[in-house]
Each structure stands twice: as C-alpha cells, then as structure tokens.
Amino acid sequence: MSSARLVLPLVCAGLLSACSPTTPLFIAQVATQEVVEYKALKSNRMTAAVEEEGDLLTYSALAIRDAKSEKAEQLYLTGYRDEKLGAEVRAIALYQIGLIYMNRFNEQRDDNQALNYFSQVLDEFPASRAAERAEARIVTIRERAKEPVQKTSLELLAHWQPNQNLDLYRASLDPDLTLLSRRAVLKDRVAEAEELYLLALSDGGVPANIKEKALYQLGLMYLAPDNPSANRDKAIGYLRRLLVQFPDSPLYSQAARHLDQALNQNLP
C-alpha cells in the first residue's frame, strides 16, 4: 500500500468506518470541520481518553471511542512497515498502538499488548522522540498493575467528570482546528503539537497535501486566542509558507484570510 493511500484518513472528520486509509502518523490530524454530534457515552469515552493521555492522536482517540483498536492497530502497522517513511514517523505509529491498548477508558484495553509495542519502540527506534515517552508509559503500566483494584472502563466512566478546562468544542476555537490542535491550545502544549506537524513537513514520505494541512494547523494554533503561547510572528510565517509553497492548495483562500487578519491585528 502506498504512503499516499495511507494518508487519506487525515482528511476524514467522521467515524473510522467512513475513512479510507493513508499516512498512519497523521491520520485524522489535519481534518477540518470535526465538530459533530456523538452519542453521550462514546463522546465521554473519547474525551476521558484524551484527558488521561495527551499524546493520543485523533485517530487513536476515535479508535478508543468506537472500540476499533484492532483496526487502528493494523493501519498504524501499515505505516510502521512503510520504509519510505522516516524512523520518527514509524516509531510514533508503534507508540500510538501502545497508547490505544493501555488507555483505561478503552473497552479493548490490553496492557500486555501495550507493553509489547512500547518495548518494540525502544528496541527498534531507541533514538526516536517516541522512545523516551514509551519508556515512561512502561513505568506507568507496571505501577498500575500493583493497584489492588482494577476497574473496567465502564466503571471508570460511571464516575468520570469532564475537565472544565478542556472544552474541545469551545466556541472561541477556530472551527478548522483539529482535535490534536484544539487539545494542544487548551493544554498549553502547542510546542509539542508543532513538533508533530513539523515531522510531516520534514518527512519525504509524507505527501504534499498533508504538508499544506500541517502548515495551516500550525498557523491556526499560533493565532488561537486561547493559546497561552500565541505567537503572531510564527503564525504569519507558517501561513506565508503555505501560500508560497502550495499556491494551488484548496486551503489557499482560508490561509490568505487568516494571514490578512494576523497582519492587521496585535497578538502577543
């Protein structure tokens, strides 16, 4: 399967079953118009999963929400096996599988599976950014195993209360921000999300249509009024780069509009 085919879920905004596979790392990360109505339990499950694990990509969170862990696992493995992608991207594909299986709000949670994937990251990609995080997750799983009572996902959800500071659909957030970008803005983790999007820009195996979407998200995050680290100059730089490098992009008009607004307003 080609890396171009592997990136299509990145532009999918709906259920996993509605998406066709493409680049695994950035699946559903650069989608726009993600605001949809979910059933209460599923919505709570996804929000709880995201609150517990900030490194979950949108596709991974959706897999937990819809009990499609195995489907997500197979798609990420397709990316891991694609040697046209860089080591960092392939490592994150394995890392995401581990995160899916270790999440306490996942009905299909399997800590042993998670440990296997995290160990694989350490063995095969020891110098990657994902390796350090995988090591920390291994410690978490081992500490959690010592707890005398192991609650099911349904038991945890029954007593779960949403974090009032993490309203992913806050009206002040630009509707084009992805779930990843929204969470990064609200939790002051934009620098980490920036690293992820920059991987898309630097990896030769990632198609151009994903790179332009990554630039657009970078611009939106640094313009977001809810971002404690908002940076007008950075936003302008990313939006200008999109317009120059991708003049035929379907995002051109939106990016140009945001750029014009940024040039005519004062941000920190």
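Shown for Arg241, Arg45: other C-beta atoms within 10 Å of each C-beta, ranked fewest to most, produce the order Arg241, Arg45. The length gained on full extension between Asp110 and Lys151, counted as 0.36 nm times the residue separation minus their Cα-Cα distance, comes to 13.4 nm. Taken over the stretch 116-268, the convex hull of the Cα atoms encloses 158 Å³ per residue.
Listing His159, His258 from fewest to most neighbouring C-beta atoms within 10 Å gives His159, His258. Look at Thr78, Thr152 and count the other Cβ atoms within 10 Å of each Cβ; fewest to most, that gives Thr152, Thr78.
Given charges of +1 on the Cβ of Lys and Arg and -1 on the Cβ of Asp and Glu, with all other atoms neutral, how large is the dipole of the stretch 179-263 about its Cα centre, in debye to the nearest 20?
The dipole magnitude comes to about 140 debye.
Sequence-ordered 3J(HN,Hα) estimates for the stretch 155-162 from the Karplus curve with 6.51, -1.76 and 1.60 and θ = phi - 60° stand at 5, 5, 5, 4, 10, 7, 10, x Hz, glycine and proline given as x. Counting only the Cα atoms, the stretch 218-268 fills a convex hull of 62 Å³ per residue. Just so you know, the averaged projected area of the alpha carbon convex hull for the stretch 47-123 sits at 4.6 nm². Overall shape of the stretch 74-190 was characterised from the C-alpha gyration tensor. The equivalent ellipsoid obtained from it has semi-axes of 26, 23, 13 Å, in decreasing order.
Once Rh is set to the Kirkwood radius over Cα pairs, what Stokes-Einstein translational diffusion coefficient, in µm²/s, holds for the stretch 179-263 at a temperature of 4 °C and a viscosity of 1.567 mPa s? This corresponds to a translational diffusion coefficient of 102 µm²/s.
The modelled label-to-label distance for the pair Arg142/Tyr169, using points 7 Å beyond Cα in the direction of Cβ, is 4.1 nm.
Here, each number is a calculation from the coordinates, and none is a lab measurement. On a predicted model such as this, the values are computed, not experimentally measured, just so you know. As a convention, Cβ positions derive from the backbone with ideal geometry for all residues, glycine included, and neighbour counts pool all protein chains shown.
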